[in-house]
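The structure under discussion appears below in the form of structure tokens.
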Amino acid sequence: MAILKIARMGHPVLLRRAEPVADPTAPEVRRLVADMIETMEDAGGAGLAAPQVHVPLRLFVFRVPAHRATGDLDDVPGGVSVLINPTVELLGDDVRPRWEGCLSIPGMRAAVPRHWRIRYAGVDAEGQPIAREATGFHANVVQHEYDHLDGILYPMRVTDFSTFGFTEELDRVAQAQYAAKVAAETGQGA
Ligand code: NI
């Protein structure tokens, strides 16, 4: 196992359309998946797509962390999922702004309009078929990682650029707003 170097926005590998994985059960794919999981966990991310580690193949790994899950039926926390040669179907017209960051764009985030509900399919590293419906963060992370396979980075999906900023600054503003709200509700000075 190894921690891989993550490509940052500006590197052309992030802008190209990735190729299908010819044999999802090949040993080199298994090794890549293991390294990607280790890299994602080391970086504290919730998802990582192969192009982000300079491998232009259609596969990604992701998980739904407890603090991000909305608690919806199809959005429960769980272990790492591996999705090879995925397809994604956007369901309905419920589109909501969701906060997103990306390991290829460190230190920043923005609100990105995403479908609330999707259906996705693919195979795992054992070649077993996967077919699931997802909502909330689960749907969000799959849409984000799938975009990487088509050379799309989340800023390309942003519609309200006033939400785009450095995580540190956005957190500072959010904390100040929260403190003001609590102060207003409790009638105490901030
Ligand atoms: Ni990303």
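For region 13-75, trypsin sites (Lys or Arg not before Pro) are listed when DSSP marks them as loop and at most 15 other Cβ atoms sit within 10 Å of their Cβ; the list is 16, 17. Spin-label model, residue 152/residue 166: points 7 Å from Cα along the beta carbon direction are separated by 3.0 nm. For the chain, the share of DSSP beta bridges that are antiparallel, to the nearest 5, is 95%.
Once you sort the root eigenvalues of the Cα gyration tensor of region 58-125 as a ≥ b ≥ c, which label holds: rounded (a/c under 1.5), prolate (a/b larger than b/c) or oblate (the other case)? It is rounded, given that a/c, with a ≥ b ≥ c, falls under 1.5.
For the residues 92, 127, 45, a GNM of the chain with alpha-carbon springs under 10 Å puts the largest fluctuation on 92. With everything on Cα atoms, drop me the angle between helix 167-186 and the longest principal axis of the chain, reported from 0 to 90° to the nearest 10. Between the helix axis and the principal axis of the chain, the angle is about 40 degrees. List the GluC sites (Glu not before Pro) within region 120-158 that fall in a DSSP loop (any state other than H, G, I, E or B) and whose Cβ has at most 14 other Cβ atoms within 10 Å. Those satisfying the criteria are 126.
No value in this document is a laboratory result; all are computed from the given coordinates. What you see is a predicted model; the values in this text were computed from it and never measured. With ideal geometry, Cβ positions are generated from the backbone for all residues, glycine too; neighbour counts draw on all protein chains shown.
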